[in-house]
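The values are calculated or read from the model by the stated rules, or taken from the named source; none is laboratory data. Given the structure is predicted, the values throughout are model-derived calculations rather than measurements. Methodologically, a virtual Cβ is constructed for each residue, glycine included, from the backbone with ideal geometry; neighbour enumeration extends over all protein chains shown.
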Amino acid sequence: MGPRLADIARHAGVSEATVSRVLNDKPGVGSDTRKAVLTALDVLGYERPARLRQRSAGLVGMVIPELENPVFPMFAQAAEGALAQRGYTPVLCTQTPGGITEDEYVELLLERNVSGILFVSGRHADTSSSHERYQALVTRRLPIVLVNGYADTVPAAFISCDDREAGRQAVNHLVALGHTRIGFTSGPERYVPVRRKLDGYRQALAQHGLDGDDLVELSLFGVEGGHASATRLIERGVTAMVCGSDMMALGAIRAARQRGLRVPEDFSVVGYDDSQLIAFTDPPLTTVRQPVNAMALAAVRALCDEIAGHPVSHTEYLFDPELIVRGSTAVASPRASAPVQARVASPAEARAVDGSRTAREASPRV
């Protein structure tokens with residue numbers, strides 16, 4: 001049964017003649033009125049005529065490393081919304097250990113004739129990996145944009161957070177609180193963002209006349225890597241840590257508590273990303289915020305411009321991070337500054353820590 005003009009007109013608050021003009025895609029109807037008629041059509045359960053259905057401008061691949069770190073779903077969601085507004089249908093490709101590789105995803109996307117591909121923290125960020133795969137895509141004139149990671153041999157647009165500045169901001173904050181033994185942990189050094197954060201960390205320490213050469217522990221990304229690094233650094237007498245991700249920072253907090261240290265009274269921790277729910281951890285995490293929404297929008301704009309044939313500068317666009325101070329950092333205490341008198345908890349204190357941890361784990365937490 002076709003749509004009844006009277007019902008649609010009544011719902012949209014317009015005349016039947018106006019409804020007829022919209023349904024037949026005739027000119028002379030304002031955009032707001034046309035939108036009201038189409039909304040009425042949808043609400044009343046009528047199918048839009050084929051000529052009025054929004055056509056997809058094409059498929060766009062989004063390749064991200066994983067979904068366990070909340071920052072990657074944030075990127076995917078922000079980019080997906082920006083692509084949809086431009087009429088593109090995103091195809092999300094996430095990698096898991098032992099699953100489909102980045103190169104295999106690219107082959108699948110090419111088979112589906114995607115209009116372009118957006119890579120987030122892909123193998124372009126790995127200095128030990130060949131970048132010929134990206135050069136091959138450029139050679140076949142497939143538009144690509146690469147987020148967080150830079151390779152000067154690939155003629156494409158790069159979108160990155162200023163990781164050096166992130167490292168400097170974290171150190172400057174901790175020094176201002178009186179910390180002088182400041183550790184650093186992140187993922188493997190072969191990744192461009194890790195190298196840059198480490199550079200910023202060392203630059204800031206040098207500016208303050210501090211030495212951190214023996215206070216760097218690079219590990220695996222994630223909670224477990226942060227826990228392992230913090231355990232070793234606490235043994236060396238650090239009173240604060242700069243972490244390469246929020247997940248690593250949560251692992252560092254756990255390691256400190258297992259040693260009987262209070263966060264932030266005895267031990268301060270700074271994360272990186274400011275992913276969702278981090279403000280609600282115990283304690284709320286001080287972190288360096290990565291401007292995910294702005295970066296995702298810039299990446300989508302660059303990709304869509306290239307798809308449309310507009311010239312795009314093949315360079316790296318750096319976005320400023322922002323220090324977000326919460327409850328995991330505090331003024332260094334004299335007791336915490338003493339080299340590894342990392343307080344080993346007394347039996348009574350240990351039972352108290354374990355009891356509070358058990359209580360927290362019984363309720364939802366990040």
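What the table below lists for this structure:
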quantity: Inter-residue pairs, beta-carbon under 6 Å, first closer than 20 Å to Thr329 by Cα and free of Cβ contacts under 8 Å to residues at least 60 places away in the same chain and in the range 183-202, second crowded, with 20+ Cβ neighbours inside 10 Å and small (Gly, Ala, Ser), 6+ apart; calculated: Gly200/Gly167; Tyr201/Gly167
quantity: Flag if Ala298 is over 18 Å from Asn172 (Cα atoms) and in contact with an Asp or Glu (Cβ under 9 Å, 6 or more places away or on another chain); calculated: no
quantity: Unmet criterion (only one of (1) out of contact with any helix residue (DSSP H, G or I) (no Cβ under 9 Å at 6 or more places or on another chain); (2) within 20 Å of Leu198 (Cβ to Cβ); (3) in contact (Cβ under 8 Å) with a residue 60 or more places away in the chain) for Met247; calculated: (1)
quantity: The range 103-129: number of residues that are among the polar types (S, T, N, Q) and out of contact with any helix residue (DSSP H, G or I) (no Cβ under 8 Å at 6 or more places or on another chain); calculated: 2
quantity: Residue within the range 21-31 that is modelled with pLDDT of 85 or more and under 23 Å from Ala296 (Cβ atoms) present; calculated: no
quantity: Verdict on Leu250 being crowded, with 22+ Cβ neighbours inside 10 Å, touching a Ser or Thr at 6+ places or on another chain (Cβ under 9 Å) and either at pLDDT below 95 or within 23 Å of Pro334 (Cβ to Cβ) (or both); calculated: no
quantity: Candidates Gly187, Gly222, Gly244, Gly251, filtered to the one that is within 24 Å of Thr96 (Cβ to Cβ), of a type outside the set (Lys, Arg) and in contact with a His (Cβ under 7 Å, 6 or more places away or on another chain); calculated: Gly251
quantity: In the range 23-41, the residues that are free of Cβ contacts under 8 Å to residues at least 24 places away in the same chain, of a type in the set (Val, Ile, Thr) and assigned to a helix (DSSP H, G or I); calculated: Thr33
quantity: Pairs with Cβ under 9 Å, 6+ apart, first in the range 117-132 and assigned by TED's automatic domain parsing to the domain that holds Leu83 and within 16 Å of Phe75 (Cβ to Cβ), second in a helix (DSSP H, G or I) and among the charged types (D, E, K, R); calculated: Phe119/Glu102; Gly122/Glu102; His124/Arg133
quantity: Single condition Asp152 does not satisfy, out of (1) in the same structural domain as Ala299 (by TED's automatic domain parsing); (2) at pLDDT 95 or above; (3) among the charged types (D, E, K, R); calculated: (2)
quantity: Given (1) in contact with a strand residue (DSSP E or B) (Cβ under 6 Å, 6 or more places away or on another chain); (2) buried (at least 18 other Cβ atoms within 10 Å of the Cβ), index of the condition Ala36 fails; calculated: (1)
quantity: Where Arg112 falls short, out of the listed (1) without any contact (Cβ under 8 Å) to a residue 60 or more places away in the chain; (2) more than 30 Å from Met248 (Cα to Cα); (3) surrounded by 12 or more Cβ atoms within 10 Å (Cβ to Cβ); (4) of a type outside the set (Asp, Glu); calculated: (3)
quantity: Subset of the range 200-247 that is among the β-branched types (Val, Ile, Thr) and more than 24 Å from Asp126 (Cβ to Cβ) - its residue that is surrounded by the fewest Cβ atoms within 10 Å (Cβ to Cβ); calculated: Thr231
quantity: Residue match in the range 182-196 (condition: over 21 Å from Met247 (Cβ atoms), over 18 Å from the mean Cα position of the chain (by Cα) and buried (at least 18 other Cβ atoms within 10 Å of the Cβ)); calculated: no
